[in-house]
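Heads up, the thing below is written out as structure tokens.
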Amino acid sequence: MRAVCSSSLTAIRLISSTTSTASRLVCSTPISSSSRSMGAACCSTRSSSVAATAPYNGGSLERFPSSGGGGVRGASGAPLRLDPAPVGKRRERGAAEETTTTTGPVQASPAAAAARPDSPPAAAQTRGEMFRAATSSLTSDAFAYQQKRSYSTGMSGDSAMVKYETEERGSLYTLDYRCYIKGPQGYVSPWHDIPLYADEAAKVFNMVVEIPRWSNAKMEMATKEPLSPIKQDEKKGVPRFVHNIFPHHGYIWNYGALPQTWENNEHTDPATGAKGDNDPIDVVEIGSTVHKRGAVVQVKVVGCLALIDDGETDWKLVAIDVTDPVAKDINTMDDVERVFPGLGRATYEWFKTYKIPTGKPANEFAFGGQYKDQAFCYKVIEETHGFWKQLISEAKPELNTLSRVEGAVHVATPDSAAAIVAAAPAAAEDAALPGDLGKWHFIDQSKL
């Protein structure tokens, strides 16, 4: 019998004396598992709330000096029009939510329910309940604005339909925020327990959305914490946000990762000459829907970039939701250029420049910044899937591998997983966004 990882059960603890376990369900996403059934259909969905687009709030413009040579063109298309939006009163919890449902692997989604504006309190929230997860000491800073709606999506396949829900804990835009994933049999790890493939024969993958398009908060799966919840990345104890670089606002696609993959930080990729970045492989989803944090989306991969980030290989897969109306027309990066003119160039430039407003140099790429094709991507995905299998089989892995998946050394039970979530801070009001987040940064791409 495989033992439950005992350290994982004590990895999360409350720092405050509060014992409330109140939480909020954010969305529900049923998908199919190609490898095995994850259980029977889940019970009915409760009301939910998920961050969407945050509008500009005024702010100044800043121009960055550039140096060097090159000749990279700017992204095509007119500047995004962003109007200041007033901050209203936050809607009371429990208010009725609209629901959108889709079913089937390649059917177009119905029109999404209209987003409803919510808002933060007038002043930044005071420091809320803090907790420690794994070995990281978490602190809180205040930020807030979001729009919300709920939804449910479905996809049927060769095994029983699997339905996932997201449950938020802590305060959004602070370091105690966590977004947990729950399946029919309890809480699961989105990294380890959600299958890589939705349909292996058709090369349809499951993508876990960490960051909705147009948002700025830099979210990621917490790979060192049990159940790998989605949390906000931090820099020197402060939550991280990406800056707006003209003509873009935040992330220009839905951003996330493929589950059951791992870019091995002990393996030097012969194609790039650099080791992996110790994370699941990243995905940008270019379809028309703004997906919610924690959503599990079925995608097909059409190309990839090899970003070299701080000397590490950081693959960026380009994919599209298989239910998108134009998904059938997109299978290569040439198709992306034909259907979405300028998006490939804009994606390259976004990854090249997004750290410049923080004072860092432009990022570098392997292969001269050229996109690799679909067949190449499949090889990268299979390799990182193999590395993940090795990782979960280790007795003392560097990252947290607590899961229910077959082959895992450290195995979670429904009760142990529930105890981990119960130890996290109760859901609280969202904090306020940084006051300078509306600033637009201008970079001369031709001089990079």
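Each value in this text was obtained by applying a stated rule to the coordinates, not by laboratory testing. Remember, predicted model here, so these are calculated numbers, not experimental data. For neighbour counting, all protein chains shown are included, and Cβ atoms are generated from backbone atoms with ideal geometry for every residue, glycine included.
Among C377, C179, which comes first, second and so on when ranked by fewest other beta-carbon atoms within 10 Å?
On the way: C377 21, C179 26.
Exposure proxy ranking, most exposed first: C377, C179.
As a footprinting exposure proxy, order V299, V326, V380 by other Cβ within 10 Å, with the fewest listed first.
Details: V299 28, V326 15, V380 21.
Least crowded to most crowded, the residues run V326, V380, V299.
Please turn the phi angles of region 375-387 into ³J(HN,Hα) values with the Karplus equation 6.51 cos²θ - 1.76 cosθ + 1.60 (θ = phi - 60°), one per residue in order, whole Hz, x for glycine and proline.
4, 4, 4, 4, 5, 5, 4, 5, 5, 5, 5, x, 4
What does the charge add up to near G186, with Lys and Arg as +1, Asp and Glu as -1, over the other residues with Cβ less than 12 Å from its Cβ? Working shown, then result.
Working: positive: K182, R404; negative: E165, E167, D193, D415.
After counting each charged neighbour, the total is -2.
Distances longer than 27 Å among the Cα atoms of region 321-448: what percent of all pairs is that?
Values: 4583 of 8128 pairs.
Everything past 27 Å amounts to 56 percent.
Under a 5 Å amide H to amide H cut-off, with H placed in plane at 1.01 Å, what residues pair with E364 once short-range neighbours are removed?
When sequence neighbours closer than 5 places are left aside, the close amide H contacts are I308.
Report, by chain and number, residues whose modeled amide H sits under 5 Å from the one on C304, excluding near sequence neighbours (fewer than 5 apart, same chain).
The answer is V318, K372.
Of T174, T268, how do they rank once you tally other Cβ atoms within 10 Å and put the fewest first? Walk me through the numbers on the way to the answer.
On the way: T174 28, T268 13.
So the residues, fewest neighbours to most, are T268, T174.
Let me check the size of region 255-326 from its C-alpha atoms; what are the radius of gyration and Dmax in Å?
Looking at region 255-326, its Cα Rg and Dmax stand at 13.3, 40 Å.
³J(HN,Hα) across region 352-369 via Karplus (A = 6.51, B = -1.76, C = 1.60, θ = phi - 60°), whole Hz, x for Gly/Pro?
5, 10, 5, 8, 4, x, 8, x, 8, x, 5, 6, 10, 9, 7, 6, x, x
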